[in-house]
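Please read the structure below before turning to the comments.
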Amino acid sequence: MKRVLFFCVAFLLSIQVVSGIDTDTSSLVTDTLRESHAEKFAPGEFMLEHILDSHEWHIITLGDHHISIPLPVILYSKESGWHFFMSSKFHHGQTSYKNFRIATEGPNKGKIVEQTAAGEIVPLDLSITKVVFSIIFSSALLLWIFISIARRYQKYPHSAPKGLQSALEPFILFIRDDIAKSTIGEKRYEKYLPYLLTLFFFIWFNNMLGLIPIFPGGANVTGNIAVTGVMALFTFVITTISANKHYWQEIYNAPGVPWWLKFPIPLMPMIELLGMFIKPVVLMVRLFANIVAGHLIILAFVSLIFIFAEFNPILGYAVSPLSAAFSIFMGMLELLVALIQAYVFTLLSAIYFGLATAEHHEGH
Amino acid sequence: MELVTPNVGTLFWMLLFFSLILLILKKFAWKPILHSLKNREKSIEEALQSAERAKEEMARLKADNEKILAEARLERDKMIREARETREKLISEAQEKAKEEAKRIIDQAKVSIETEKQNAINEIKLQIALLSVQMAEKIIAEKINTTDKQNELIDKYLKDMKLN
């Protein structure tokens, strides 16, 4: 009896969790209901819409009425110069404003295009989009949390850690001792530690915020290729700047490689040189793909309900517990992935720094 | 395609904000945090070391104390033993002395008794002589009738006296 009750409660809770597991799944329900009247439910398009960036922060759609937070649009056009306005001027992408509109079709779909005499052009878009807003929000959160922790450390240097400080200290120590110290080495790790710590907490916090469905969270920050690209670029630049003679020797004239692989055709140097660029690209793609995949799977499980409901509403109800169970499972897995991906990105960055600064006897 | 094409605006803002938080956190968060973590570790290590040193010191002190105690115990035992010996010696000496003294007193007593006895005997002898003379006087005074009888008597008395 107890077990049955427990299951019921767990099931009810799970519905609540799932109904908000990604960006704005609650609106998904209403959207889908609305759309199912007019057109067929297109899961692919729908899932993409929840993963991609947008110029406004969609909260919920009630009937035909969209509720969303308008975000600032910043544009530079060669034709007409700078433009600043709120995204609410587009009326959820339905109208144009000052020759600007959000393209709904074609190669520029989702982007702001400008209608000029010469035809449609794409202006430089520096808008504070959903992702950018989330970056600002999480940056502020990171600053607030860690500066307040730092203040506590300074205020009570000899007392035991407390609260948030004691929750985050193990991670700081883990990054210092098990990532930085063990891969870069006792002598040089301190120089890279601030970057590694910032990287780890930025990725982790944004991964977690991406799993929160309601307003400040829910944007797909770490599943945006530009965001992961910038972090990979930092790793690449730091690696290349701090690279020593030994690192370059490994690339251009690796010792222990047969000479015919280097001359007359420099096969190995070419591969090594390519590897230099492939490493950060892989970093960028790994984080991006992992986060996008996680979100897609959860959205796919939710979409299943509506796909089945199109055949028969009863079938839709029948599938929903199963969908909910799988979504919860994926949600739990995503919590783990959020931490693991932050760890992997940080660890690999540290390993690249270690390789770039290793002395000869330390390598191989 | 839009999913895998980096947006210029996002790139720009990300670059800006990531650099900003990197710099700010480095200066205002990581530096003090790592610094105080290091200090704390150092102070813990020092505390552990000093505790170890104190422990060693304690052990050393304890060993010292025990040594001193053992020495004191030995000293005490020796003193007690010596005292006992001294006591016994004193007692035996005293006894010896007392015995000698007693012997000497007894000897003296014996000598004086002997002399006293001689004196007494001499006194008695004198007294007897005097008595004899008195008796003789009396006898002479009363019965100087017969010489024979007198002689007999004198002989008899003399014999008796000799016996004494």
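The values are calculated or read from the model by the stated rules, or taken from the named source; none is laboratory data. Note that the structure is a prediction, hence the values are computed from the model and not measured. Don't worry about glycine lacking a Cβ; one is built from the backbone with ideal geometry, like all the others, and counts go over all protein chains shown.
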task: Considering only residues that are part of a loop (DSSP other than H, G, I, E, B) and surrounded by 11 or more Cβ atoms within 10 Å (Cβ to Cβ), look in the stretch A:237-262 and name the one that is nearest to the chain's Cα centre (by Cα).
output: A:243
message: When you scan the stretch A:165-187, do you find a residue that is more than 23 Å from residue A:291 (Cβ to Cβ) and touching a Ser or Thr at 6+ places or on another chain (Cβ under 8 Å), even just one?
response: yes
- request: Would you be able to tell me the number of residues in the stretch A:166-208 that are in a loop (DSSP other than H, G, I, E, B) and acidic (Asp, Glu)?
  value: 1
- prompt: Can you pull out the residues in the stretch A:74-119 that are within 28 Å of the chain's Cα centre (by Cα) and among the β-branched types (Val, Ile, Thr)?
  reply: A:74, A:102, A:104, A:112, A:113
- prompt: over 24 Å from residue A:49 (Cβ atoms), in contact with a Phe, Trp or Tyr (Cβ under 7 Å, 6 or more places away or on another chain), part of a helix (DSSP H, G or I) and hydroxyl-bearing (Ser, Thr, Tyr) - does that describe any residue in the stretch A:344-356?
  reply: yes
- request: Can you run down the residue pairs with Cβ atoms below 7 Å, 6 or more apart or on separate chains, where the first is in the stretch A:170-186 and more than 13 Å from chain B (Cβ to nearest Cβ) and the partner is of a type in the set (Val, Ile, Thr)?
  value: A:179/A:346; A:183/A:351; A:184/A:357
message: It is to be established whether one or more residues within the stretch A:332-346 are under 30 Å from residue A:237 (Cβ atoms), within 14 Å of chain B (Cβ to nearest Cβ) and surrounded by 13 or more Cβ atoms within 10 Å (Cβ to Cβ).
response: yes
- request: Go through (1) surrounded by fewer than 16 Cβ atoms within 10 Å (Cβ to Cβ); (2) among the acidic types (Asp, Glu); (3) at pLDDT 90 or above one by one and return the number of the condition residue A:169 breaks.
  value: (1)
statement: Only one of A:253, A:220 is among the polar types (S, T, N, Q), over 30 Å from residue A:139 (Cβ atoms), modelled with pLDDT under 90 and touching a helix residue (DSSP H, G or I) at 6+ places or on another chain (Cβ under 8 Å), namely A:253
- request: Scan the stretch B:29-49 and give yes if some residue there is touching a His at 6+ places or on another chain (Cβ under 8 Å) and closer than 30 Å to residue A:155 by Cα, otherwise no.
  value: yes
message: Six or more apart or on different chains, Cβ atoms under 6 Å: show the pairs whose first residue is in the stretch A:59-73 and in contact (Cβ under 8 Å) with a residue 60 or more places away in the chain and whose second is surrounded by 15 or more Cβ atoms within 10 Å (Cβ to Cβ) and in a strand (DSSP E or B).
response: A:59/A:68; A:69/A:57; A:71/A:56
message: I'd like to know if the stretch A:76-89 contains one or more residues that are more than 23 Å from residue A:118 (Cβ to Cβ), among the small types (Gly, Ala, Ser), assigned to a strand (DSSP E or B) and out of contact with any Leu (no Cβ under 7 Å at 6 or more places or on another chain).
response: no
statement: Going through the stretch A:88-126 in order, the residues found to be closer than 21 Å to residue A:45 by Cβ and at pLDDT 80 or above are A:90, A:101, A:102, A:103, A:111, A:112, A:113
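Conditions (1) small (Gly, Ala, Ser); (2) surrounded by 11 or more Cβ atoms within 10 Å (Cβ to Cβ); (3) at the interface with chain A (Cβ under 7 Å from one of its Cβ atoms); (4) in a helix (DSSP H, G or I), marked per residue:
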site: B:3; (1), (2), (3), (4): no, yes, yes, yes
site: B:18; (1), (2), (3), (4): no, yes, yes, yes
site: B:22; (1), (2), (3), (4): no, yes, yes, yes
site: B:27; (1), (2), (3), (4): no, yes, no, yes
site: B:32; (1), (2), (3), (4): no, yes, yes, yes
site: B:45; (1), (2), (3), (4): no, no, no, yes
site: B:49; (1), (2), (3), (4): no, no, no, yes
site: B:56; (1), (2), (3), (4): no, no, no, yes
site: B:80; (1), (2), (3), (4): no, no, no, yes
- prompt: Taking the stretch A:193-219 as the region of interest, how many residues are surrounded by fewer than 24 Cβ atoms within 10 Å (Cβ to Cβ) and either out of contact with any strand residue (DSSP E or B) (no Cβ under 9 Å at 6 or more places or on another chain) or over 27 Å from residue A:302 (Cα atoms) (or both)?
  reply: 14
field: The listed residue being of a type in the set (Val, Ile, Thr), in contact with a Leu (Cβ under 7 Å, 6 or more places away or on another chain) and without any contact (Cβ under 8 Å) to a residue 60 or more places away in the chain, out of A:222, A:228, A:198
entry: A:198
- prompt: Out of the residues in the stretch A:108-138 that are among the charged types (D, E, K, R) and over 14 Å from residue A:96 (Cα atoms), which is nearest to the other protein chains (Cβ to nearest Cβ)?
  reply: A:125
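Residues are listed down the side, and each one gets a yes or a no for (1) surrounded by fewer than 20 Cβ atoms within 10 Å (Cβ to Cβ); (2) not in a strand (DSSP E or B):
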{"residue": "A:101", "(1), (2)": "yes, no"}
{"residue": "A:106", "(1), (2)": "yes, yes"}
{"residue": "A:113", "(1), (2)": "no, no"}
{"residue": "A:134", "(1), (2)": "no, yes"}
{"residue": "A:138", "(1), (2)": "no, yes"}
{"residue": "A:141", "(1), (2)": "yes, yes"}
{"residue": "A:145", "(1), (2)": "yes, yes"}
{"residue": "A:148", "(1), (2)": "yes, yes"}
